[in-house]
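Below: one structure, written as structure tokens.
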Amino acid sequence: MGQIHGLTKYDRFVLEACDHPADALPQTFGRLGPKNPLSGIAPGGAPFNDSSVAQAFSEVLDAMEDHTDPESDVGAGMTFLGQFIDHDITMDATSAIGTRIDPRSIRNVRTPALDLDCVYGDGPEASPWLYHPGHHGFMLYGTAANAGDLARNTHGTALIGDPRNDENQIVSQLHGAFVQMHNILMTALEGDNGMVPAAMAGIRARAMSEIDGATEMPFEAARRVLRLHYQWIILNDFLPAFVDAHVLKDVKHAFAKGGLPAGFDTHSPVMPIEFSGAAFRFGHATVQNEYHLNSDVGFVKLFEMGRDEFTSRPEVRNIEFGKLFDLPGNASFQKARPISRKLAKSIFHLPFIGSPLSIGGMELSLADSQKLPHRNIFRDRVTLELPSGQQMARLMNVAEIPAPGELSHRGITKTPLWYYCLHEAESFGGKLGPVGGTLVAGTLMRLMALDPESILCSAHDFQPWTEMGASQAGNFSLGHMLKTVEDKRGAIAHAADLITG
């Protein structure tokens with residue numbers, strides 16, 4: 001390729017695309033299983049169509065609403081880590097429920113990689129509004145009114161890589177924790193240049209050649225370290241929290257042998273629509289009705305957290321992470337709901353939906369259009385025509401679960417995939433089973449397997465750093481990182497300069 005120093009990252013991308021178009025521009029969305037158009041006989045005796053399917057599902061989905069607050073053993077904040085991960089790898093800004101879409105035509109606005117581009121954007125050169133111009137590599141954070149808020153412009157809009165991460169208080173401050181952790185790493189690297197070689201250990205010579213000299217090196221080192229720990233958290237904290245241990249063991253074993261889990265092959269899309277359109281929406285079932293943000297405001301309803309969405313947030317709502325996450329030495333924290341066919345009342349109704357859905361020429365009422373299960377099922381059956389749970393079970397060579405009575409009594413014998421994953425989890429202690437768990441773990445691990453700088457592909461055996469909060473014994477989790485953020489954010493270099501407003 002010749003000399004590439006001095007090229008912008010966009011120029012490098014174009015150069016890479018010219019040399020290796022299949023690698024630079026992979027097919028992002030696509031199907032693992034078969035397209036599954038409507039079939040079967042509706043209760044009235046006629047073949048199912050969009051309208052009769054909508055009617056058949058209505059009562060079933062209404063019964064999913066739950067006013068109780070069951071708890072699993074997983075920290076309530078982990079639900080929002082799932083939201084953060086989703087925003088890091090997918091963004092579909094074009095498709096609409098009610099219109100049939102070929103998944104291959106969906107444009108993914110995010111990079112399909114676990115690379116924290118929702119935090120870093122394209123780096124200081126291409127996304128300068130995220131960084132301080134005089135302290136190279138340090139990210140802006142906080143406002144004059146609230147040092148614990150995200151950096152914001154004069155209109156209150158967050159200066160972040162993905163605006164969706166400002167839609168509620170928890171994901172907003174979780175995003176902020178990654179920004180602060182980056183600045184903590186930058187502070188450590190600025191004070192100890194010997195840490196830079198350790199941070200870059202195992203990286204490809206090609207990747208090293210793309211770093212423009214000593215000025216960029218501390219930033220690249222900090223970004224690499226945070227990305228590796230983020231991937232560690234996904235592999236060893238997030239996935240075990242929500243996927244059955246035996247299912248996860250089988251998926252990890254497949255990758256360890258250099259293969260892929262059942263249902264995937266080398267031609268599978270990078271982002272299976274079965275993952276993004278159904279299985280990874282399991283997080284909806286783990287949402288609680290209200291959340292304990294801090295000792296001052298106590299419990300806050302889910303969408304009350306969003307009343308300040310996409311604008312400056314008051315200091316009184318800053319999160320004490322120990323209320324929602326399993327921090328070291330913290331035995332008391334709110335728990336997420338176990339995965340099941342029941343949804344908390346708080347997320348069942350989406351008050352921000354302002355227009356009704358049209359399904360097969362039939363306009364749903366606004367009240368039904370605001371119901372989350374209805375939107376998930378009609379996205380499945382009408383927009384994406386996803387394979388059923390039973391079809392995915394056959395593809396993965398695992399035992400099928402028949403359609404539950406509430407569906408089969410209405411003539412529905414093929415369980416929509418999202419509903420199937422929730423139903424399946426009820427037999428696995430509230431965690432994703434063979435179909436849902438393989439889709440979620442298999443997709444996320446494959447993203448790492450396709451990234452030559454990930455912890456799965458790195459040339460050295462990565463171990464979490466004590467500077468990131470890992471214990472001397474090597475134990476590390478999101479809770480360890482958040483505890484480090486709470487302990488060290490007061491010592492971030494140039495902190496006063498990084499505040500906006």
Completion exercise
For region 373-401 the number of residues that are in contact with a helix residue (DSSP H, G or I) (Cβ under 8 Å, 6 or more places away or on another chain), more than 18 Å from A425 (Cα to Cα) and modelled with pLDDT under 95 is 7
Completion exercise
Checked region 313-346 for anything closer than 30 Å to H374 by Cβ, of a type outside the set (G, A, S) and modelled with pLDDT under 95; matches are K345
Exercise for the section: Could you tell me which of the residues S295, S340 is over 19 Å from E65 (Cβ atoms) and hydroxyl-bearing (S, T, Y)? Expected result: S295
Exercise for the section: Note down all Cβ pairs under 7 Å where the first residue falls in region 249-264 and is assigned to a helix (DSSP H, G or I), the second is not aliphatic (A, V, I, L, M), and they're at least six residues apart or on different chains. Expected result: D250/P261; V251/P261; V251/T438; V251/G442; A254/P261
Handout entry: Residues of region 132-151 satisfying the condition of being in contact with an Asp or Glu (Cβ under 9 Å, 6 or more places away or on another chain) and in a strand (DSSP E or B)
Key = T143
Exercise for the section: Report yes if some residue within region 83-91 is assigned to a loop (DSSP other than H, G, I, E, B), in contact (Cβ under 8 Å) with a residue 24 or more places away in the chain and out of contact with any helix residue (DSSP H, G or I) (no Cβ under 8 Å at 6 or more places or on another chain); otherwise report no. Expected result: no
Practice task
Determine whether T484 is modelled with pLDDT of 95 or more, touching a strand residue (DSSP E or B) at 6+ places or on another chain (Cβ under 8 Å) and hydroxyl-bearing (S, T, Y).
Solution key: no
Handout entry: Any chance F299 is among the aromatic types (F, W, Y) and crowded, with 21+ Cβ neighbours inside 10 Å
Key = no
Completion exercise
When D487 is run through (1) in contact with a Leu (Cβ under 9 Å, 6 or more places away or on another chain); (2) over 30 Å from Y420 (Cα atoms); (3) charged (D, E, K, R), the failure sits at (1)
Exercise for the section: Using the structure shown, decide if P404 is touching a helix residue (DSSP H, G or I) at 6+ places or on another chain (Cβ under 9 Å), at pLDDT below 95, surrounded by fewer than 21 Cβ atoms within 10 Å (Cβ to Cβ) and more than 28 Å from H292 (Cβ to Cβ). Expected result: no
Fill in the blank from the handout: Counting only helices (runs of 4 or more DSSP H) wholly inside region 423-501, the ones holding at least 1 residues that are of a type in the set (S, T, N, Q), under 23 Å from the mean Cα position of the chain (by Cα) and within 30 Å of W129 (Cα to Cα) are 478-488
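The values are calculated or read from the model by the stated rules, or taken from the named source; none is laboratory data. Remember, it's a predicted structure, so these values are computed and weren't measured experimentally. With ideal geometry, Cβ positions are generated from the backbone for all residues, glycine too; neighbour counts draw on all protein chains shown.
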